[in-house]
Amino acid sequence: LYQAVELAKTLINEAVIVYDQTTESYYKNLRSMEEDIIKAIENDEFIIYLQPQFNNETNKIVGFESLIRWDNPKYQYESIEKVIKVAEDNNLIVDIGRITIKKSLEIAKKLEKENVVISINVSPIQILQIGFVEEFLNLVEKYKVRKDMIAIEITETVLMSSFNIINEKIKQLKNRGIHIHLDDFGTGYSSLKYLEQLSVDTIKIDREFMIGYPQDKFKRETVKFITNLAKSLDLDVIV
């Protein structure tokens, strides 16, 4: 019954959920993935891909977004979003987050002479952990990485539920020289309020605004508005 109710919460177009073999198979696959994620953490199967960030004015790569991926043939066609969701539901995301941070810092150290910024996505569950700020800064010190080369990415959605706690943590990080990026900008309900109160350096316009951008007047004007707003507040913009 519990599993049927949980599945019903995720489906928008279904009025009734029947717990049958299909539903049982769905949850069996989730349980299998959870077990494999635990093994993946132990066997160091998670790797980092770098997505370059290109500056249109200087024609140079100025940074990279660090993206965690699962190097396992069994899950090569599975979306990383689903993997992360399963990890979050089972509190495995904290361990995956630590792996992401450590491997990203290793890469940042190797790229030190290039003067690029490595941005690291942090899960809401991870950043809400007691002692997260201290643990993160200790790792930066351990890997001897310049703090101005590191950025933490937070999403608007996590701010909506835990604004005060996370705002205090990012203030501590920013005061220690870590860049703060606000991801998925424009998808939340209080974006302008966040910009007023948060100590962010960069906003990332959600990719949804770029789909069909050349033909869609609304999206063109929205991106123009956000970009002009960011410039007036001395913020960088990533699209």
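The values are calculated or read from the model by the stated rules, or taken from the named source; none is laboratory data. Please read all numbers here as calculations on a predicted model, not as lab measurements. Positions of Cβ are backbone-derived with ideal geometry, glycine not excepted, and every protein chain shown enters the neighbour counts. Side chains included, ligands, DNA and RNA excluded: accessible areas come from the protein's heavy atoms. Shrake-Rupley method; radii C 1.70, N 1.55, O 1.52, S 1.80 Å.
For residue 2, the test of being modelled with pLDDT of 65 or more and among the hydroxyl-bearing types (Ser, Thr, Tyr) is failed.
Applying the set (1) touching a helix residue (DSSP H, G or I) at 6+ places or on another chain (Cβ under 8 Å); (2) within 28 Å of residue 236 (Cα to Cα); (3) at pLDDT below 95 to residue 81 leaves exactly one unmet item: (1).
Quick check on the range 63-71. Is at least one of its residues in a loop (DSSP other than H, G, I, E, B), open to solvent by 30 Å² or more (accessible area, probe 1.4 Å) and at pLDDT 95 or above? Within the range 63-71, one or more residues are in a loop (DSSP other than H, G, I, E, B), open to solvent by 30 Å² or more (accessible area, probe 1.4 Å) and at pLDDT 95 or above. Here residue 191 fulfils each of the conditions (1) at pLDDT 85 or above; (2) surrounded by 15 or more Cβ atoms within 10 Å (Cβ to Cβ); (3) over 24 Å from residue 116 (Cβ atoms) apart from (1). Out of everything in the range 220-239 that is touching a residue at least 12 places away in the same chain (Cβ under 8 Å) and not in a helix (DSSP H, G or I), what residue ends up being farthest from residue 117 (Cα to Cα)? The qualifying residue farthest from residue 117 (Cα to Cα) is 233. Exactly one residue out of 121, 91, 59 is loosely packed, with under 13 Cβ neighbours inside 10 Å and touching a residue at least 24 places away in the same chain (Cβ under 8 Å): that is 91. Taken over the range 139-181, the criterion of being in contact with an Asp or Glu (Cβ under 8 Å, 6 or more places away or on another chain), crowded, with 16+ Cβ neighbours inside 10 Å and at pLDDT below 90 is satisfied by 154, 155, 156.
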